[in-house]
Amino acid sequence: MAGIGFELRHMLRKNTLLGLVQAYAYAGVIGSGPWVLSIVGILLIGIFSASVVVPGHLVTQFQTSVTYLVACSLIYTGLVQLAFTRFISDRLFEKQRQLVLPNLHGLMVFVLLGAGLLGSLALFVLLPGQSLLYRLLMLAGFTLLCGVWVLTVLLSGMKRYKAIVALFGLSYGLIVAASLLMRAWGLEGLLGGFVLGHYVLLAGMWLLVVKEFSPARRLVAFDFLQRDKLYPSLIAIGFLYNLGIWADKFMFWFFPPTSDEIIGSLRASLIYDLPVFLSYLSIIPGMAVFLVRIETDFVEYYDKFYDAVRSGGSLEYIESMRDEMVYSIQQGLGEIAKIQSLAVLTTFVAGPALLDTLGISRLYLPLLHVQVVGAGLQVGLMAVLNVFFYLDQRRTVLLLCAEFVLLNVLLTGYTLLYGAALYGYGFALATLLTLGTGLALLTRRLNQLEYQTFMLQ
């Protein structure tokens, strides 16, 4: 997200309440806008189609199909997102802009061919007996989403945040409209609208990249696969982080007592999915605080610290900037904790009314409370991982992501075996323990920052 800090600092320099509100609102839209728009879009399709699509269970089948497409595409593209972002960042630092577009095309060929192969195998194994059109639409949706996630990361690196949100808004508006127009064709009609909207989204993103980086002599290049330009640790981190986020969801989906078969071999957990969805809406304020603090105060002192190191600043000044950087991290994590604590308290107070309004049983309330806590802890974990990335501590991030996956699987498995009273605690406790490990390692790293900066390079 490097670059968003410039706009946020401009808003905060006004030193007014309006400027403060603008900064946090902007950060919230940039940080959470795309996935909020996508969630709202899918929900609107379900709400408006429920009265027309017959039988009604087709809406549930559509939403379940889309959920699997999103989850699997995120885990798959996690293998390349971070590594390719680092490759592009290095090329831009070297002022080799002409290499960006050919290598993007090369990555897209690589990713989409792999997505097509894996998707074809999965669909014919997991969805036997389903119509050919449905399976082809699922395959198209999976490959398009893979392309979207790759380009989203690249556009973020280009600082085109407003364009990303605008494109997501346009495409999901189109998805809702197209799905409603084609809902008479049932499940295939709803999926057709979904595929059409993501085709427009992918095309729009690609045009933005082409506009930013003029076409080079080479159309396709695979320089990012060269050994000296490949970062295996980033490949593993991207995969493990996304796997850790979704591991507990898959376990609930495929544990018979907590799930139902929806379509083919695809299952969903009504017990778990609704509270998880509602809890992730609660992290929007935390994401805004995370972006504002990390991308303003922390980045400012981070730059001053390393500029002083490179330019031969005095030891007193270097230590002062180091202290300010540490203080900004503490303040940022403290504010995230405060805002997410407020979200938890709000859930405890307004949770029953919210569930009643949505027509959801109050039996979901204890699980919702736990999930809100877990989602808030996840924001804190993201902040810690982000700081480690700034410090180029890839091994530490890899360790934390591996710990997150392992703990989530083990603790969620334990909760599944020992009953509904413990549901949700697996993810929350896994996130808490990983965050605790991250904070301990970060404290140690910051205490040794000057030594490691000067002596271990």
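Right, residue 361: touching a helix residue (DSSP H, G or I) at 6+ places or on another chain (Cβ under 9 Å), free of Cβ contacts under 8 Å to residues at least 40 places away in the same chain, exposed (fewer than 13 other Cβ atoms within 10 Å of the Cβ) and more than 27 Å from residue 438 (Cα to Cα) or not? Spelling it out, residue 361 is indeed touching a helix residue (DSSP H, G or I) at 6+ places or on another chain (Cβ under 9 Å), free of Cβ contacts under 8 Å to residues at least 40 places away in the same chain, exposed (fewer than 13 other Cβ atoms within 10 Å of the Cβ) and more than 27 Å from residue 438 (Cα to Cα). Considered as a group, the residues in the range 261-273 that are over 27 Å from residue 351 (Cβ atoms) and touching a residue at least 24 places away in the same chain (Cβ under 8 Å) include one that is surrounded by the fewest Cβ atoms within 10 Å (Cβ to Cβ), and that residue is 265.
Just to be sure, is residue 81 more than 16 Å from residue 154 (Cα to Cα), in a helix (DSSP H, G or I) and modelled with pLDDT under 90? Walk me through how you get there before you give the answer.
Details: more than 16 Å from residue 154 (Cα to Cα): no; in a helix (DSSP H, G or I): yes; modelled with pLDDT under 90: yes.
Judged against the criteria, residue 81 is not a match.
A Cβ distance below 6 Å, combined with a sequence gap of six or more or placement on separate chains, defines the contacts here; from the range 83-106, residues that are touching a residue at least 12 places away in the same chain (Cβ under 8 Å) and charged (D, E, K, R) reach residues that are surrounded by fewer than 22 Cβ atoms within 10 Å (Cβ to Cβ) and outside any helix (DSSP H, G or I) in the pairs 86/231; 97/213. The residues listed here are 276, 292; of these, the one that is over 28 Å from residue 423 (Cα atoms), among the aliphatic types (A, V, I, L, M) and crowded, with 16+ Cβ neighbours inside 10 Å is 292.
Scanning the range 354-367 for residues that are more than 27 Å from residue 240 (Cβ to Cβ) and either modelled with pLDDT under 85 or in contact with a Pro (Cβ under 7 Å, 6 or more places away or on another chain) (or both) yields 354, 355, 356, 357, 358, 359, 360, 361, 362, 363, 364, 365. For residue 328, indicate whether it is free of Cβ contacts under 8 Å to residues at least 12 places away in the same chain, assigned to a helix (DSSP H, G or I) and under 30 Å from residue 454 (Cα atoms). Taking the combined requirement at face value, the residue does not satisfy it. Residues that are surrounded by fewer than 24 Cβ atoms within 10 Å (Cβ to Cβ) and within 27 Å of residue 235 (Cβ to Cβ) within the range 402-431 comprise 402, 403, 405, 406, 407, 409, 410, 411, 413, listed in sequence order. Among the residues of the range 182-236, the ones that are in a helix (DSSP H, G or I) and within 30 Å of residue 385 (Cβ to Cβ) come to 20 in all.
The values are calculated or read from the model by the stated rules, or taken from the named source; none is laboratory data. The shown structure was predicted, so the numbers you read here are calculated from the model rather than taken from an experiment. Reconstructed Cβ throughout: ideal geometry from the backbone, glycine too, with neighbour counts over all protein chains shown.
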